[in-house]
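Everything on this sheet refers to the single structure shown next.
The values are calculated or read from the model by the stated rules, or taken from the named source; none is laboratory data. This structure is a prediction, so every number in the text was calculated from the model and none was measured. Ideal geometry is used to build each Cβ from the backbone, glycine not excepted, and the neighbour counts take in all protein chains shown. The protein model used for the area step is the full one, side chains on, heavy atoms only, and it has no ligands, DNA or RNA in it. Shrake-Rupley method; radii C 1.70, N 1.55, O 1.52, S 1.80 Å.
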Amino acid sequence: MNRRLARHALITRLRAQRPVIPDQEVGRLYDEVAASGLVEEIEPLIARTKGRRCTLSVEALLVGMALAAQRNSGVVTFTTVTNLLYFSLSGAMCDQLGLHRYPDHDRGFEAAYAVVRRRLHSILEAIDPSPLPKNHRLARRHAEKVLAKANPQALAGKRARLLRVSNMILGMSLREALPLLEERWDGSVSLDATAIGTYAKGLPPHSPVTSTDPDAGWYVRTTRHQDPLALAGLTPIEAAGGRPKTNDEKKTERIKKRLFGYDASLVVARDPEHHGAPLPDGSANPDVIPALIVAFSVDKPSHRPGQVAVEALQHVDNRFPRGYLAGDRAYNGQKPENFQLPIRAMGYEPVYDYASHQLGVQTGFAGAELVEGNWYCPSLPQPLKDATKDLLAKKIDKPTWIDRIRARTNYVFMPKQRPDAEGHRRVMCPAEANRAQCPLKPRTLGRGIHLPLVDPAPNPAGSPPCCSQRTVTVPPEAGANLWQPLQYGSEAWQRVYFRLRNSVEGINGFTKDRLQERLEDAGTRRIRGIAAQTLLLAFQLAHANRRKLASWADAIALSGERPRRRPTRRRRTKPLGTWTPKGHITQR
């Protein structure tokens, strides 16, 4: 009898430990949801004129999801949402949110949980861009029939709504930082696609049935960091692999990582003109904003990386300017109409690194030659054209490569004026820009021995337009997949490219922290389908932004006081101008 009473007392105490959430905490999230515009966006999509009125409003559900994310490191589970909304709020807050009261026992919880699930699925149905049923395996031939019967325009509209709603959720985390971004951020961003798992078992592509999450796909990486599935949207030379692989290369391309899920394309804001080194007193520099996720998009891994990245960029707030855009080699291998031309139309200036088959002279226009992203004089000496190729082939050492990259500066075409509204750029040859002397343009001779003398090759057809005219107008399509405004390998290029690329790689590791958002872990998003995965991912990314801002604020010294937390210690880095595609010139 005593043991039974003790057990009963223990259970009673454990049940009584459920905390009542302070009204101030709930009220702050309520204000964020109300100011985000999410309610006005979602309610018309799920409005119905028949049937019983739903007792859970869209506003209350979003507050519950935001509350669950805040208290669980960004992870939203709907048992937690049910507990928080119906059994952890004060009576006054329940009245403000219009919540129905349920008794605190098993039947009451199941009834409340059913309300939460129904309201959630009504939202997902309105924004789900996939017609395939989830949570059970469907015969693949039947799935193909379902996809064939679907209306592409309707699905495209739902995808647009899904991305708009998800990025509005992400935008809630940036509301307090907007003045900081408007003042300190020049609009430069970095792009990267990071793999996230889905709560379903992946099946082989030739399986006769689909997975329980039919919208997901396989993410595969080899030891050479190549994705054998990334063929959609690539240029022909990239899709073909550039050249046949040798037996030694095939042996080294063992699978390093395999994951069934989605690719999340993240747009990370960073100011490349400032480094993140602490101030002399050890505190963080308040003028340097932390790297923040400002937009994102989700699709199958390596399915169409260029288009998905453009979708994400379209959701960057229009109040911000557009600056540089850095992406890895997966992006400059896309077809120009899928990525390079759209981002330039948005106002971004790309900054790229190049694969081995993209080095040297790639194309030409009006006589000018595109060498590693920049237009050069056709008389650029061959050793300068092949500088990076020779470095990778170990024909030259690193200091020689640096010298040749610097020597290219005297042969690069310079902009005559800003590009017009259609993206046409008016440029002038180095002789016209007073960087070289050319016998084809006698007025440029006699400027001094400090300027190189161009040695044009004889041409029976006559001089090309770039040599016979003062300027040429380069259309946006010319060399579009590789062109970039900064001279490849220069100090300015290094500063912009590496700071932007490092920021997005840092964010990837930050959000995959096992003690925080665990972005890659499929168990943090326990609902299947691209709509549910994207919606829950938005709360995780928003939580990462808030955590990033809080860490930044804690590391700043206010009014002469010591910072609350010491900023992350920076590694010793090499100075600008010492980087090469094979490492640094100086060794530690």
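Against the list (1) surrounded by 18 or more Cβ atoms within 10 Å (Cβ to Cβ); (2) over 38 Å from the mean Cα position of the chain (by Cα), the condition ASN459 fails is (1). Between GLU477, GLU561, GLU505, the distinction of being closer than 24 Å to SER166 by Cβ and out of contact with any His (no Cβ under 8 Å at 6 or more places or on another chain) belongs to GLU505 only.
Criterion applied to TYR102, TYR113 was being closer than 22 Å to MET65 by Cα, among the aromatic types (Phe, Trp, Tyr) and part of a loop (DSSP other than H, G, I, E, B), and the one residue passing it is TYR102.
Of all residues being more than 11 Å from SER211 (Cα to Cα) and outside any helix (DSSP H, G or I) in the range 131-157, which is most open to solvent (accessible area, probe 1.4 Å)? Just the residue, please. Among those residues, the one meeting the criterion is ASN151. For the range 158-194, filtered to residues that are assigned to a strand (DSSP E or B) and either out of contact with any Ser or Thr (no Cβ under 7 Å at 6 or more places or on another chain) or aromatic (Phe, Trp, Tyr) (or both), the residue that is surrounded by the fewest Cβ atoms within 10 Å (Cβ to Cβ) is THR194.
Residue-by-condition table, conditions (1) at pLDDT 75 or above; (2) aromatic (Phe, Trp, Tyr); (3) more than 30 Å from LEU124 (Cβ to Cβ):
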| residue | (1), (2), (3) |
| --- | --- |
| GLN17 | no, no, yes |
| GLN24 | yes, no, yes |
| ALA34 | yes, no, no |
| GLU41 | yes, no, no |
| THR49 | no, no, no |
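Look at GLU491 and say whether it is over 23 Å from the mean Cα position of the chain (by Cα) and at pLDDT 80 or above. When the stated conditions are applied, GLU491 passes them. When the range 517-533 is filtered for residues that are of a type in the set (Asp, Glu) and open to solvent by 10 Å² or more (accessible area, probe 1.4 Å), the ones remaining, listed by number, are GLU520, ASP521.
Is there a residue in the range 69-83 that is over 32 Å from the mean Cα position of the chain (by Cα) and within 16 Å of ASP23 (Cα to Cα)? Yes, because at least one residue in the range 69-83 is over 32 Å from the mean Cα position of the chain (by Cα) and within 16 Å of ASP23 (Cα to Cα). Just give me the residues in the range 304-329 being in a loop (DSSP other than H, G, I, E, B) and over 19 Å from TYR354 (Cα atoms), in sequence order. Selection gives ARG304, GLN314, HIS315, VAL316, ASP317, ASN318, ARG319, PHE320, PRO321, ARG322, GLY323.
Being surrounded by fewer than 14 Cβ atoms within 10 Å (Cβ to Cβ), outside any strand (DSSP E or B) and hydroxyl-bearing (Ser, Thr, Tyr) is true of SER207.
Kindly evaluate ARG119 against the criterion of being in contact with a Leu (Cβ under 9 Å, 6 or more places away or on another chain) and charged (D, E, K, R). Considered against the rule, which asks whether it is in contact with a Leu (Cβ under 9 Å, 6 or more places away or on another chain) and charged (D, E, K, R), ARG119 comes out as yes. Being surrounded by 16 or more Cβ atoms within 10 Å (Cβ to Cβ) and more than 17 Å from GLY373 (Cα to Cα) is the requirement here; does ARG514 meet it? No.
Kindly check whether there is at least one residue in the range 263-274 that is polar (S, T, N, Q), farther than 19 Å from ARG329 by Cβ and in contact (Cβ under 8 Å) with a residue 60 or more places away in the chain. For the range 263-274, residues polar (S, T, N, Q), farther than 19 Å from ARG329 by Cβ and in contact (Cβ under 8 Å) with a residue 60 or more places away in the chain: absent. Can we say ILE449 is under 40 Å from the mean Cα position of the chain (by Cα), of a type outside the set (Asp, Glu) and either over 20 Å from GLY367 (Cβ atoms) or open to solvent by 70 Å² or more (accessible area, probe 1.4 Å) (or both)? Judged against the criteria, ILE449 is not a match. Annotation: of all residues in the range 507-555 being in contact with a Lys or Arg (Cβ under 6 Å, 6 or more places away or on another chain) and outside any loop (DSSP other than H, G, I, E, B), the one that is farthest from SER297 (Cα to Cα) is ASP554. Determine whether the range 120-127 contains at least one residue that is acidic (Asp, Glu), closer than 13 Å to LEU535 by Cα and open to solvent by less than 60 Å² (accessible area, probe 1.4 Å). No. Only one of the numbered conditions (1) of a type in the set (A, V, I, L, M); (2) touching a Leu at 6+ places or on another chain (Cβ under 9 Å); (3) open to solvent by less than 10 Å² (accessible area, probe 1.4 Å) is violated by LEU536, and that is (2). Within the range 330-339, being among the hydrophobic types (A, V, I, L, M, F, W, C) and either in a strand (DSSP E or B) or open to solvent by 20 Å² or more (accessible area, probe 1.4 Å) (or both) holds for one residue alone: ALA330. Close Cβ contacts (under 8 Å, 6 or more residues apart or on different chains) running from residues in the range 340-351 that are surrounded by 20 or more Cβ atoms within 10 Å (Cβ to Cβ) to residues that are part of a helix (DSSP H, G or I) and β-branched (Val, Ile, Thr) comprise ILE343/VAL310; PRO350/ILE343; VAL351/VAL496.
The residue of the range 408-427 that is surrounded by the fewest Cβ atoms within 10 Å (Cβ to Cβ), among those that are touching a Pro at 6+ places or on another chain (Cβ under 8 Å) and more than 19 Å from ALA480 (Cα to Cα), is ASN410. Residues in the range 101-117 that are under 13 Å from LEU84 (Cα atoms) and not β-branched (Val, Ile, Thr) were compared, and the one that is least open to solvent (accessible area, probe 1.4 Å) is ALA112.
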